[in-house]
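Asker: My structure is below; once you've seen it, I'll send some questions.
The values are calculated or read from the model by the stated rules, or taken from the named source; none is laboratory data. Just so it is clear, the model here is predicted, and its values are computed rather than measured. Neighbour counts run over all protein chains shown; Cβ positions are idealised from the backbone, glycine included. Quick note on the areas: whole protein, heavy atoms, side chains included, nothing else; ligands and nucleic acids left out. Shrake-Rupley method; radii C 1.70, N 1.55, O 1.52, S 1.80 Å.
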Amino acid sequence: MATFDFFFSKRTLIGLALGQFVSLVITSTAFSSSELSRRGISVPTSQTFLNYVLLAIVYGGFLVYKRKRSLQIKWYFYLMLAVADVEANFLVVKAYQYTSLTSVMLLDCWSIPSVILLTWLFLNTKYRFRKFVGVAVCVAGLVLVVFSDVHSRDRGTLPHLKYGSGGNDPVKGDVLVLTGAMLYAVSNVSEEFIVKKGGRVELMAMLGLFGAVVGSCQISIFERNKLKSIHWTVSAVLPFLGYAIAMFLFYSTVPFVLKLSGSTMLNLSLLTSDMWAVLIRTFVYHEKVDWMYFIAFGMVGVGLVIYSGGAKEDHGEAQAVEGIEIAERQKDEGECDGQYMNSNTRHN
């Protein structure tokens, strides 16, 4: 009965709904990128630029409203974070020119084992053996996706070429996605470190500001002529706007999902974005999905479930460690106060 109440409580249902909202948002960004690629538009930095502008305006406005005069984190940390985030978005969007929408959505899951590795190395996060088993299964599924693309190319059957949802070099596209996913991991781990000191609003505002600066510099060097050559019609503008709005909603919603349901529910919710991608590929582009994709789905799903399992126990241990640290700090403060009072008594 306790298990039933947990899964069907109001808090859990809201968490599930928000998780699926985030999943659909991510799928919509993939759909927008695929549509632009189908129309021969290749300006990945420009595509993500508007998102950073929206973040800077909205969350920067909150900072101005609060009259916050100084940052809690040094500005150059936000600059490095922005570079990693902008280039991650650039590589993943660029990949849609070379590989299929489904491959991009699946291979983007590489950020999960990458986050585990980086947090273990730099944030001293402890992981149980179960976590590494989950990562191994997940990676095996990702390898199968790459093999599926190679297999399709060798057979000369790349159905996504016909309907424009991919390109003619799926292996290159897969490498771009994996590199972008690694940069996403760097960005996510940096955000985890910064948000504990600077706060969510400051993080989003500074990420938007420096992301817009980095993006504008990159656009002026690499994409200026491409932007001039684009025939700006309604069918070209709408995917641009749709991508920017979807990315803004994603950046803004994820912190609430983490607070309400934790990273376990977020990761499992994002897994369904791959299934939404298959539906788009099947019913919108009328493509036939390679049978290996379904095996990859299963392997990635099993790996993520193993990786996400036991979150309640891990959360309890984390709270216990945090409680010990707080108690030690309070003890140290109490000892310092006692020494200070004894010193004043002797002087008196």
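Asker: With the requirement that a residue be of a type in the set (S, T, N, Q) and within 15 Å of PHE248 (Cα to Cα), what does the stretch 12-31 give you?
Answerer: Result: SER23, THR27, SER28, THR29.
Asker: Any residue at all in the stretch 221-231 that's surrounded by fewer than 18 Cβ atoms within 10 Å (Cβ to Cβ), more than 20 Å from the chain's Cα centre (by Cα), hydroxyl-bearing (Ser, Thr, Tyr) and at pLDDT 80 or above?
Answerer: yes
Asker: Among the residues of the stretch 79-103 satisfying the criterion of being polar (S, T, N, Q) and assigned to a loop (DSSP other than H, G, I, E, B), which is nearest to ARG281 (Cα to Cα)?
Answerer: Among residues in the stretch 79-103 that are polar (S, T, N, Q) and assigned to a loop (DSSP other than H, G, I, E, B), the one nearest to ARG281 (Cα to Cα) is SER100.
Condition check ((1) over 26 Å from PHE49 (Cα atoms); (2) at pLDDT 75 or above; (3) open to solvent by 30 Å² or more (accessible area, probe 1.4 Å)) across all residues:
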{"position": "MET247", "(1), (2), (3)": "no, yes, no"}
{"position": "PHE250", "(1), (2), (3)": "no, yes, yes"}
{"position": "VAL254", "(1), (2), (3)": "no, yes, no"}
{"position": "LEU258", "(1), (2), (3)": "no, no, yes"}
{"position": "SER261", "(1), (2), (3)": "yes, no, yes"}
{"position": "LEU266", "(1), (2), (3)": "no, no, no"}
{"position": "LEU270", "(1), (2), (3)": "no, no, yes"}
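Asker: Just checking, how many residues over the stretch 28-75 are crowded, with 17+ Cβ neighbours inside 10 Å and modelled with pLDDT of 85 or more?
Answerer: Here the count works out to 23.
Asker: Give the residues of the stretch 115-124 that are buried (at least 16 other Cβ atoms within 10 Å of the Cβ) and at pLDDT below 80, sorted by residue number.
Answerer: VAL115, ILE116, THR119
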